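Taking it in order: structure first as structure tokens, then the write-up.
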């Protein structure tokens, strides 16, 4: 398996030639690198600006994030949402929530974000008949297929579901574990789902952008 999915020089070029995130998000990156374990879980500029742009294009009023970590992707999505939009974020790490909330409180878009502590599947059960316009999934990979199916039920026609890490460091090409197989099955299920259309982007660790048709 290759050590890197995209040539490092090519990725650096893409990074440099992508619009920069706001200074507050750059500060959040530094704080995450300094204070949190597994800082690579943070989405980063290429994924973050993609999420912001997709949100700006679709103007979701009801959005969901499964796997918030320290809030970089949440703030990116909220930046693109309308002023009255609401983004519900699911997270199980109290330290990550504490850091994220500090940055939400300093952001002009922080009022759009509502953090829910606990398992995402449990939080989904509390949403009632809420219809989602936009969802970003970046959490426990073992539950990816469940997340997709549950979110799809709650997504309006025309709404977006975006899944991160769908290349799984290239392991989907030669799956060797149950976890690898789950990612493979999730990707195949989406590609064959007649209720959606999707584009599988080779952006960083893979980004699957799904639009519900009906």
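The values are calculated or read from the model by the stated rules, or taken from the named source; none is laboratory data. No experiment lies behind these values; they were computed from the predicted model shown. Reconstructed Cβ throughout: ideal geometry from the backbone, glycine too, with neighbour counts over all protein chains shown.
State whether one or more residues within the stretch 115-128 are under 19 Å from residue 25 (Cα atoms) and part of a loop (DSSP other than H, G, I, E, B).
no
Is it the case, given these coordinates, that residue 98 is modelled with pLDDT of 95 or more, farther than 22 Å from residue 208 by Cβ and in a loop (DSSP other than H, G, I, E, B)?
So residue 98 fails the test.
Within the set of pairs 6 or more residues apart or between chains, which connect a residue that is at negative phi and free of Cβ contacts under 8 Å to residues at least 12 places away in the same chain inside the stretch 162-175 to a residue that is surrounded by fewer than 20 Cβ atoms within 10 Å (Cβ to Cβ) and assigned to a loop (DSSP other than H, G, I, E, B) with Cβ atoms less than 9 Å apart?
From the stretch 162-175, no pairs qualify.
One residue is enough: does the stretch 184-204 have a residue meeting the conditions under 19 Å from the mean Cα position of the chain (by Cα), at pLDDT below 95 and surrounded by 17 or more Cβ atoms within 10 Å (Cβ to Cβ)?
Checked against the condition, which is being under 19 Å from the mean Cα position of the chain (by Cα), at pLDDT below 95 and surrounded by 17 or more Cβ atoms within 10 Å (Cβ to Cβ), the stretch 184-204 yields at least one hit.
Exactly one of these conditions fails for residue 62: (1) out of contact with any strand residue (DSSP E or B) (no Cβ under 6 Å at 6 or more places or on another chain); (2) within 21 Å of residue 151 (Cβ to Cβ); (3) at pLDDT 95 or above. Give me its number.
(1)
Quick check on my filter: what residues within the stretch 148-202 are within 27 Å of residue 59 (Cβ to Cβ), in contact with a strand residue (DSSP E or B) (Cβ under 9 Å, 6 or more places away or on another chain) and part of a loop (DSSP other than H, G, I, E, B)?
154, 165, 166, 193, 195, listed by residue number.
Take the residues in the stretch 62-95 that are in a loop (DSSP other than H, G, I, E, B) and touching a helix residue (DSSP H, G or I) at 6+ places or on another chain (Cβ under 6 Å), then tell me which one is surrounded by the fewest Cβ atoms within 10 Å (Cβ to Cβ).
85
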